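Asks: First the structure, which I've put down as structure tokens, then a few questions once you've had a look.
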Amino acid sequence: MTSRSTATAAGTSGARGRSAPRVHGHLQKPGSTVTLDAEVKRTLLPGGLRVITEHVPGVRSASVGIWVAVGSRDEAASVAGAAHYLEHLLFKGTAKRTAAQIAEEIDAVGGELNAFTAKEHTCYYAHVLDEDLPLALDLVSDVVFDALCEESDVETERGVVLEEIAMRDDDPEDLLHDAFCSALLADHPLGRPVLGSEQSITAMTRTALNGFYRRRYTMPRMVLAVAGNIAHRDVLSLVRKGLRDRLTGDRAPVAPRTGRARVGTSPRLVLHTDDTEQAHMMLGVRALDRHDNRRFTLSVLNAALGGGMSSRLFQEVREKRGLAYQVYSSVAAYADTGHLSIYTGCQPDRLGEVAGVVREVLREVAREGFTDTEVARAKGSLRGGLVLGLEDTSSRMSRIGKGELAYGDYLTVEQTLEQYSAVTAEDVAKLARELLARPLAAAVVGPYDHADDVPVRLHEVSK
């Protein structure tokens, strides 16, 4: 069981392509099935549960996931970390299985059963042989719908979650990411750690967790996704049999999140003093939300800037100057905002020099964009990464499940590749000029006693 702070990757699903019109999941008629692609089908069941499947020929596995549109941004500050804490708790026992029985049944078939929590969703999933699909569906459904949330289990998992927070604090990169989100998004719920804090977890009650569970885990907020050597009709039969009386009513699925994030303060510098051998730095700007059609352009920009060994940052910081072993950029896209960030780790006395090189790279990109060759290489990297990343059923299940939850829609792999191909060097340059003119936020983890000791000045980096 893990937490994830990243959002739906830009370009994995979303904007409409040029094919025939599609029916959005939240507009589909209850009881109906829609064919979204040759191997992808979606059915809206009574009660608001969406079932989406992808038949993957030639494999012997199946992956099942229940995606819930509930994450850390849905928590009040007083119960920060509740979504992740609850994710742990649901595996501690159900009406018909103990925690030990859950573990024994999945181990007996050599499968995997796990979950993760992100800022806008939680996913419970299983990966098994295709012949064990009935067991996988039963286990995942049992955990999600019939957990007991016993008081004794709340206390047991409290210690586990506190250990996970301590483990995060011992990992500079994990700690840095949470610090960066705080620096960029301040008091907005997206700026808080998915894990919560030691204080909020210590104070969390069984009543608060069970209430969060009962209020939030409703079928209109859920997508059940299955990919592998499966048939849509067989999945529906198993779901109907397993959930039975729960599949009633004509409730419509909750529409995908939209809106505009309201952040009360400007980006800033956040320092976590730690006696580390390296100084770890992440800096970046607020970027596009996942509904922005330019997210494909942003993906190309990110790949050219710091997405691989041939990227501008890697070449300038590591290859030419040898200032750092690791340097990369990344993007995150939420329903109403996003960010473009740059990470590097280096010797503490070199941080100022590294920041200066990063500053120069950002200035050049904002002023001149990238060459046609760099853009072509970035697009090729994205195309290859997308296709190669879909060679296992878990990735296929994640793509259709996360896409349905985030967009209520489906974009084929071919349509996504077309979107990348359509991006031009001028598109990238225009977006770079816009984003890199925005105020920078930065986070640093390293052996500095005070923020004034950190050789990084945001106003200097962004000039």
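Asks: List the GluC sites (Glu not before Pro) within region 247-356 that DSSP assigns to loop and that have no more than 12 neighbouring Cβ atoms inside 10 Å. Each step should come with its number before you reach the end.
Replies: Numbers: sites: Glu277, Glu316, Glu319, Glu353; in loops: Glu277.
Passing sites in region 247-356 are Glu277.
Asks: Tell me, what HN-Hα J-couplings in whole Hz come from the Karplus equation 6.51 cos²θ - 1.76 cosθ + 1.60 at θ = phi - 60° for each residue of region 74-85, using x for Gly and Pro?
Replies: 8, 8, 6, 4, 5, 10, 4, x, 5, 4, 6, 4
Asks: Let me ask something else about it. Report the semi-axes of the equivalent ellipsoid for region 41-99 in whole Å, largest first, where each axis is √(5λ) for an eigenvalue λ of the Cα gyration tensor.
Replies: Details: eigenvalues 163, 62, 35 Å².
Over the Cα atoms of region 41-99, the semi-axes work out to 29, 18, 13 Å.
Asks: Compute log10 of I(q)/I(0) for region 319-364 with the Debye formula, placing one identical point scatterer on every Cα and leaving out solvent, at q = 0.27, 0.33 Å⁻¹, to two decimals.
Replies: Treating every Cα as an identical point scatterer, log10 I(q)/I(0) equals -1.04, -1.28.
Asks: Additional query: Scaled to the compact-protein estimate 2.2 N^0.38 Å, what is the alpha-carbon radius of gyration of region 412-461, rounded to two decimal places?
Replies: Details: Rg = 18.4 Å, N = 50, 2.2 N^0.38 = 9.7 Å.
It is 1.89.
Asks: On to the next question. Taking all protein chains together and a probe of 1.4 Å, list Asp146, Asp372 from the most accessible to the least accessible.
Replies: These residues rank, largest area first, as Asp372, Asp146.
Asks: Show me 192-205, 75-88 ranked by packing, highest mean number of other Cβ atoms within 10 Å first. Before the final figure, lay out each step's value.
Replies: Values: 192-205: 19.0, 75-88: 21.9.
Packing order, densest peptide first, comes out as 75-88, 192-205.
Asks: With each run of n ≥ 4 DSSP H residues scored as -39500 (n - 2.57), what mean residue ellipticity at 222 nm is computed for the chain after dividing by its residue count and rounding to the nearest 500 deg cm²/dmol?
Replies: Details: 15 runs with 181 residues, N = 463.
Calculated at 222 nm, the ellipticity per residue is -12000 deg cm²/dmol.
Asks: So what are the ³J(HN,Hα) numbers for region 276-287, from phi and the Karplus equation (6.51, -1.76, 1.60; θ = phi - 60°), rounded to whole Hz, Gly and Pro as x?
Replies: Couplings: 9, 6, 10, 9, 10, 10, 10, 9, x, 10, 5, 10 Hz.
Asks: Now, a different point. Please state the equivalent ellipsoid semi-axes for region 90-195: what are the square roots of 5 times the Cα gyration tensor eigenvalues, largest first, in whole Å? Before the final figure, lay out each step's value.
Replies: Working: eigenvalues 190, 54, 36 Å².
Working through the eigenvalues yields semi-axes of 31, 16, 13 Å.
Asks: Taking Rh as the Kirkwood radius computed over C-alpha pairs, what is the Stokes-Einstein D of region 347-408 at 10 °C in a medium of viscosity 1.306 mPa s, expressed in µm² per second? Provide the component values of the computation, followed by the final result.
Replies: Working: Rh = 15.2 Å.
For these conditions, the coefficient is 104 µm²/s.
Asks: Hey, any idea what Rg/Rh is for region 303-393, computing Rh the Kirkwood way over Cα pairs? Don't jump to the answer; show the numbers that get you there.
Replies: Working: Rg = 14.6 Å, Rh = 14.4 Å.
My calculation puts Rg/Rh at 1.01.
Asks: Still on this structure: Put a dot 7 Å past each Cα toward the Cβ at Arg260 and Asp275; how far apart are the dots in nm?
Replies: The answer from the label model is 4.9 nm.
Asks: Still on this structure, please answer the following. Could you run the Debye sum over the Cα atoms of region 324-449, one equal point scatterer each and no solvent, and tell me log10 of I(q)/I(0) at q = 0.12, 0.14, 0.17, 0.18 Å⁻¹, two decimals?
Replies: -0.65, -0.86, -1.14, -1.21
Asks: Now a separate question. Taking 8 Å as the Cα distance limit and 6 or more residues as the minimum spacing, I'd like the relative contact order of the chain as a percentage.
Replies: Numbers: 959 pairs, mean separation 112.9, N = 463.
Relative CO of the chain lands at 24 percent.
Asks: Going from the alpha-carbon gyration tensor of the chain, what semi-axes, largest first and in whole Å, does one get by taking the root of 5 times each eigenvalue?
Replies: On the way: eigenvalues 286, 154, 71 Å².
So the equivalent ellipsoid measures 38, 28, 19 Å along its semi-axes.
Asks: Rounded, prolate or oblate: which fits region 154-204, taking a ≥ b ≥ c as square roots of the Cα gyration tensor eigenvalues, rounded meaning a/c under 1.5, else prolate when a/b beats b/c? Can you show the working numbers first?
Replies: Working: a/c = 3.50, a/b = 1.52, b/c = 2.31.
Cα axes put region 154-204 in the oblate bin.
Asks: With the Cα gyration tensor of region 377-420 giving a ≥ b ≥ c as the square roots of its eigenvalues, does the rule (a/c under 1.5 for rounded; else a/b larger than b/c for prolate; else oblate) give rounded, prolate or oblate? Don't skip to the answer; put the middle values down first.
Replies: Values: a/c = 2.62, a/b = 1.40, b/c = 1.87.
Because a/c hits 1.5 or more and a/b fails to exceed b/c, region 377-420 counts as oblate.
Asks: Could you give me the radius of gyration and the Dmax of region 197-298, taking only the C-alpha atoms into account and expressing both in angstrom?
Replies: 21.9, 59
The values are calculated or read from the model by the stated rules, or taken from the named source; none is laboratory data. Fair warning: this is a prediction, and the values are worked out from it, not measured in the lab. Using ideal geometry, Cβ is built from the backbone for each residue, glycine included, and neighbour counts are taken over all protein chains shown. To get the accessible areas, we keep the full protein, side chains included, count just its heavy atoms, and leave off ligands, DNA and RNA. Shrake-Rupley method; radii C 1.70, N 1.55, O 1.52, S 1.80 Å.
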